[in-house]
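A.B. asks: The structure that follows is given in the form of structure tokens.
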Amino acid sequence: MNQRDHYINLHIKDFKRTLKKFIALKSISATGQDIQETVSFLSQLLKEYLSAKVKIFHTAGSPTLLAKISGQRKNNILFYGHYDVMDPGNLHDWQTDPFTLTEMHDRLYGRGVGDNKGQLLGQILGLYTYKQIHHSFPFNITFLIEGEEEQGSKHLEETVKLLAANELADIDMAIVIDGSFNQSGQHVLRLGNRGVLGFEMTVTTGSQDNHSGNLGNIMQNPALILMKLINRLYDFKTQQVNIPGYYDQVSSPSQTERTWLKAMPFNRANIQSQTGIATTPINKFDYYQQLMFKPTFNISGLYAGYTGQGMKTIIPHLAVVKIDCRLVAKQNMYQIQKEIERLIEPELSDGIVDLHYLVQIPPSKTSENDSHIAALAAAINAATGSVLIEPVMPGTVPNYVWTDILKVPVFTIPYANFDQRNHAPNENITVKAFTDGIRISYELLNHL
């Protein structure tokens, strides 16, 4: 057994006890419960375990911790994580107390254990293990740990902009530890993620619903106007977005990215069960290309008039649609917003429609030719025995703050199991995933 695994095995009970203390601090993002106590706990832990110099930056929401750790070389790598968690919801749906770490069937259960406290602690403990064995770090390390990720990282962009010229001026690259690794059980290295532009259009044509016999052909129907607006944005026949310039910067996978996609697992039966489609004509390459390299146009909510049982002959006075567009690298979110506003400008000017943006997170992409990829992949492989490289994460995280503001490459390495049940009852992380996270953090220092 190597030094790394010997030390981890020798101290795993202590590591779990530390995680138990962390889970007991509720740090609920929406309510702010135990936020200050959690910040104090993390600050003390970083100082004690890693000899870090810690600063706390207050925002209009929850504080952000910035920890600086000196190494032998001048290059500086930033590790990002978050300490806030989702509300546990109905406690009757939990098998255990969500804020008491409980080990069952080789899993650790508790709110935030997968998202993201177990992963965050895995980073800290991996560096701590390295320090205990080697007594110093090979390069400078910066931790940026926020407390509003579960609320959409509302003040992360503002904080990174504030720190960019000084505290974060010497960052060479960023590593984000969050999310779930592949369903196959293999750990992954992600080079990018899709962005998301979410907006709501509300059409109002009166102060109240009216009888369709009394005012039919007289009162405008907001649902019909809304359908017209949606058709202006999206062509249902061609299944293409009509927003000018929407596809201009969309590119296909490179040859290197195609090679990585070929190595990805593909389970047609799982896709069929998730989508409810009996026959799935899509092949592996098309499946991943659609998920990683193509933007989307999705209606996530639609409401107008009476939707109860039976018929109610009314002209509704209000119609609402919620739309989210997953954006890919190089698409300009702000230009797309301008084009949306231009397309519906007549109705905006007339005051018939109200447009409200709900989510605005640009996409992020690190080049497939980045020189750090080989070392990062080797570190994950050395820690776990395998690694998959995902060119793009289909979902959305705020990694644009590193690529667009700090102008550095960013890599995402999730430490939690695919079935972690984050945001749901009985959230968990497998003991193997927790210890693998510690190993990966250790090996990142060995290989970078």
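The values are calculated or read from the model by the stated rules, or taken from the named source; none is laboratory data. In this text, all values refer to a predicted model and were calculated from it rather than measured experimentally. Note that each Cβ is placed from the backbone with ideal geometry, even for glycine, and that neighbours are counted across all protein chains shown. The protein model used for the area step is the full one, side chains on, heavy atoms only, and it has no ligands, DNA or RNA in it. Shrake-Rupley method; radii C 1.70, N 1.55, O 1.52, S 1.80 Å.
A.B. asks: Write out, first by first residue and then by second, each pair whose Cβ atoms fall under 9 Å of each other, whose residues are 6+ apart or on separate chains, and whose first residue, in the range 328-345, is farther than 16 Å from SER251 by Cα and at pLDDT 95 or above while the second is of a type in the set (Phe, Trp, Tyr) and in a loop (DSSP other than H, G, I, E, B).
C.D. replies: Between residues of the range 328-345 that are farther than 16 Å from SER251 by Cα and at pLDDT 95 or above and residues that are of a type in the set (Phe, Trp, Tyr) and in a loop (DSSP other than H, G, I, E, B), the close pairs are ILE336/TYR246; GLU339/TYR246.
A.B. asks: Of everything in the range 80-130 that's crowded, with 23+ Cβ neighbours inside 10 Å and part of a strand (DSSP E or B), which residue is farthest from the chain's Cα centre (by Cα)?
C.D. replies: TYR109
A.B. asks: Could I ask something else about it? Having 2 or more residues that are in contact with a strand residue (DSSP E or B) (Cβ under 7 Å, 6 or more places away or on another chain) and either open to solvent by 30 Å² or more (accessible area, probe 1.4 Å) or within 26 Å of SER207 (Cα to Cα) (or both) is the bar; report the strands (runs of 3 or more DSSP E) wholly within the range 315-401 that clear it. Give the steps one after another, and end with the answer.
C.D. replies: Details: elements: 318-327, 353-361, 388-390.
Fully inside the range 315-401 and qualifying: 318-327, 353-361.
A.B. asks: Could you look through the range 225-244, keep only residues that are outside any helix (DSSP H, G or I) and touching a helix residue (DSSP H, G or I) at 6+ places or on another chain (Cβ under 6 Å), and pick out the one that is farthest from LYS338 (Cα to Cα)?
C.D. replies: Ranking the candidates gives ASN242 first.
A.B. asks: Would you mention how many residues in the range 285-295 are open to solvent by less than 40 Å² (accessible area, probe 1.4 Å) and either within 25 Å of SER212 (Cβ to Cβ) or among the polar types (S, T, N, Q) (or both)?
C.D. replies: Of the residues in that region, 1 qualify.
A.B. asks: Based on what the data block shows, is TYR287 in a strand (DSSP E or B) and of a type in the set (Phe, Trp, Tyr)?
C.D. replies: Values: in a strand (DSSP E or B): no; of a type in the set (Phe, Trp, Tyr): yes.
The answer is no for TYR287.
A.B. asks: Do any residues in the range 231-248 that are farther than 14 Å from CYS325 by Cβ have Cβ atoms under 8 Å from those of residues that are part of a loop (DSSP other than H, G, I, E, B) and open to solvent by 50 Å² or more (accessible area, probe 1.4 Å), where the two are at least six apart or on different chains, and which pairs are they?
C.D. replies: What qualifies is ARG232/ASN242; ASP235/ASN242.
A.B. asks: Restricting attention to the range 168-219, and to residues there that are of a type in the set (D, E, K, R) and in contact with a strand residue (DSSP E or B) (Cβ under 6 Å, 6 or more places away or on another chain), which single residue is surrounded by the most Cβ atoms within 10 Å (Cβ to Cβ)? Let's see the steps before the verdict.
C.D. replies: In the first step, residues of the range 168-219 are kept if they are of a type in the set (D, E, K, R); the result is 170, 172, 178, 190, 194, 200, 209.
Now restrict to residues that are in contact with a strand residue (DSSP E or B) (Cβ under 6 Å, 6 or more places away or on another chain): 170, 172, 190, 194, 200, 209.
On the way: ASP170: 12, ASP172: 16, ARG190: 25, ARG194: 27, GLU200: 15, ASP209: 16.
Among those residues, the one meeting the criterion is ARG194.
A.B. asks: Which is out of contact with any His (no Cβ under 9 Å at 6 or more places or on another chain) and in a loop (DSSP other than H, G, I, E, B), of LYS26, LYS21, LYS16?
C.D. replies: Values: LYS21 fails: in a loop (DSSP other than H, G, I, E, B); LYS16 fails: in a loop (DSSP other than H, G, I, E, B).
Sole residue among the options that is out of contact with any His (no Cβ under 9 Å at 6 or more places or on another chain) and in a loop (DSSP other than H, G, I, E, B): LYS26.
A.B. asks: Out of the residues in the range 305-314 meeting the condition of being outside any strand (DSSP E or B) and in contact with a helix residue (DSSP H, G or I) (Cβ under 7 Å, 6 or more places away or on another chain), tell me which one is nearest to GLN208 (Cα to Cα).
C.D. replies: Ranking the candidates gives GLY305 first.
A.B. asks: Here is a follow-up. Condition first: assigned to a loop (DSSP other than H, G, I, E, B) and modelled with pLDDT under 95. Now tell me which residues in the range 290-304 satisfy that.
C.D. replies: Within the range 290-304, none qualify.
A.B. asks: Within the range 155-187, how many residues turn out to be assigned to a loop (DSSP other than H, G, I, E, B) and closer than 20 Å to ASN422 by Cα?
C.D. replies: Going through the range 155-187 one residue at a time, the tally reaches 10.
A.B. asks: Within the range 172-214, can you find the residues that are touching a Pro at 6+ places or on another chain (Cβ under 7 Å) and farther than 30 Å from ARG268 by Cα?
C.D. replies: MET173, VAL203, THR204, THR205, ASP209 - these are the residues of the range 172-214 that are touching a Pro at 6+ places or on another chain (Cβ under 7 Å) and farther than 30 Å from ARG268 by Cα.
A.B. asks: Output the qualifying pairs, or none if there are none: Cβ atoms under 8 angstrom, residues six or more apart or on different chains, first residue in the range 1-13 and within 10 Å of ARG439 (Cβ to Cβ), second residue of a type in the set (Val, Ile, Thr).
C.D. replies: Qualifying pairs under 8 Å: ARG4/THR129; ARG4/ILE133; ILE8/THR129; ILE8/THR435; ILE8/ILE438.
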